[in-house]
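The values are calculated or read from the model by the stated rules, or taken from the named source; none is laboratory data. Please read these numbers as outputs of a predicted model, since none were measured by experiment. Heads up, the Cβs are rebuilt from the backbone with ideal geometry, glycines too, and the neighbour counts pull from every protein chain shown.
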Amino acid sequence: MVKKQAPPPKRGNPKAFYLVLAAVALIGAYFLYMQMRGGSSAASATTIDPSVPLPKAEGYLLGNADAPVQVVEYADFECPVCAYFATITEPDIRKRLVESGQISLRYMHYHIPAHPNTWQASMAAACANEQGKFWEMHDAIYNAQDRWAGTATRKPKGVLKDLAGQVRLNVSQWETCFDTQKYQAQLLASQQDAEKRQVRGTPTFIIGSKMIDHNMSYDQFKAYVDTAMASAKAAAPNDSAAKKGS
Amino acid sequence: MSKRQFVALLALLGLLIAIYLTLYKTGAIAELACTTGSCETVQMSRWATFLGLPVAAWGIVFYVVLLALALSGLQGSLAESRGVSLALVALTGWGVIFSAWLTYLELFVIHAICQWCVVSAILVTIAFAISWLDLRDHSRTDAALGVPDST
């Protein structure tokens, strides 16, 4: 008896296949290129209204208040991208730009309504600021975001209190401040300031005359700082000439 | 389109997704196009890194190997090779297991879903099913030709 031979597996049309493969690769590469361009070009920044002065006494300042470029960050403690920026990118910014006196960095609260525990985290940081340790608490809160965020717990106070202890705050003083919501007015003022400036999400940065509404790598951030620095230097001779004339 | 060609196409699509997520993770892309779910929550979680590298970067390695294997399985004598079929099943099977673990983490640990990760998981699952069918076809052919059951 002759064994029935099974048909060989279908090979497909190689020419048509490679054309389809090349088309998919090209479309994909174009999509990736556009995404990268969108993330790094200056076109994604908006020019802000110069009649709204930058905040002087609000928020939390890091570095020299008279630095040539003053950067403001609107952030939400429960925002994962803000945590990424704070833990990955910001250490470089502090070391290379803030400590060298090129920029000052001011942190402002902007609470995203979808984040259930962000307000309490902001209050925890505001109460740490009372003891002169805002930035220590800022770092601790972002580093432990996965422990106290709404995705992990509905009662974040325990973790936040642990963090207060970790950064060596007077915990009973901190707790009284936290429980009485002592800095509610300041937090609300920060929120209103952000809304006045058309902040729509976090993180949002104001660097010079640009408002950038997305996360950035260090290089992208530095590019904005360099542009702002060049504008500041270009404006400086005019300012001194104006002062002489007056 | 043959089954291996289909697997190669799926691998290319998966590779593009993995590159996209890696570029986001490294800061080259500022925002993810994420219409549903919480891509950023997932991508910024501590589970988005595996053995010191972003999970998406491992995805690039996986899909490059899968693409190379599927394409090599279209060339010359390898086109009839049952060994290539077995390797495709093993590789995509590993991909399905890894994707299932990631999906478990998204649903029950991170409590957020990344739509791009879901698409990648679907792609690798389809690739596994197609590879399985490809292996079945090659096993039938080999049996019909009396080829010993070995690679």
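Inside region A:127-147, residues that are surrounded by 14 or more Cβ atoms within 10 Å (Cβ to Cβ) and more than 14 Å from chain B (Cβ to nearest Cβ) make up a count of 14.
When you check A:Ile112 against the structure, is it within 14 Å of chain B (Cβ to nearest Cβ) and closer than 17 Å to A:Leu187 by Cα, yes or no? So A:Ile112 fits the description; yes. Of all residues in region A:134-147, exactly one satisfies the criterion of being at pLDDT below 95 and either under 16 Å from A:Glu175 (Cα atoms) or among the basic types (Lys, Arg) (or both), namely A:Arg147.
Does A:Ala189 count as among the aliphatic types (A, V, I, L, M), part of a helix (DSSP H, G or I) and more than 16 Å from the chain's Cα centre (by Cα)? Considered against the rule, which asks whether it is among the aliphatic types (A, V, I, L, M), part of a helix (DSSP H, G or I) and more than 16 Å from the chain's Cα centre (by Cα), A:Ala189 comes out as yes.
Among the candidates A:Leu97, A:Leu32, A:Leu54, which residue alone is surrounded by 20 or more Cβ atoms within 10 Å (Cβ to Cβ) and either modelled with pLDDT under 90 or within 20 Å of A:Ala232 (Cα to Cα) (or both)?
Numbers: A:Leu32 fails: surrounded by 20 or more Cβ atoms within 10 Å (Cβ to Cβ); A:Leu54 fails: surrounded by 20 or more Cβ atoms within 10 Å (Cβ to Cβ).
Unique residue meeting the criteria: A:Leu97.
Of the residues making up region A:89-107, those that are within 14 Å of chain B (Cβ to nearest Cβ) and more than 11 Å from the chain's Cα centre (by Cα) number 3. Take the conditions (1) crowded, with 20+ Cβ neighbours inside 10 Å; (2) part of a helix (DSSP H, G or I); (3) more than 14 Å from every other protein chain (Cβ to nearest Cβ); A:Ile206 misses just one of them, which is (2).
Going residue by residue through region A:101-122, is there one that turns out to be surrounded by fewer than 19 Cβ atoms within 10 Å (Cβ to Cβ), more than 15 Å from A:Met216 (Cβ to Cβ) and touching a residue at least 60 places away in the same chain (Cβ under 8 Å)? Scanning region A:101-122, I find at least one residue that is surrounded by fewer than 19 Cβ atoms within 10 Å (Cβ to Cβ), more than 15 Å from A:Met216 (Cβ to Cβ) and touching a residue at least 60 places away in the same chain (Cβ under 8 Å), so the answer is yes. Close contacts from region A:137-156, counting a first residue that is farther than 13 Å from A:Pro116 by Cβ and free of Cβ contacts under 8 Å to residues at least 24 places away in the same chain and a second that is among the β-branched types (Val, Ile, Thr) and part of a helix (DSSP H, G or I), with Cβ to Cβ under 9 Å and a gap of 6+ residues or different chains, come to A:Ala144/A:Val159; A:Asp146/B:Ile110; A:Arg147/A:Val159.
In summary, A:Lys15 fulfils each of the numbered conditions (1) over 20 Å from the mean Cα position of the chain (by Cα); (2) modelled with pLDDT of 90 or more; (3) not hydroxyl-bearing (Ser, Thr, Tyr) with the single exception of condition (2).
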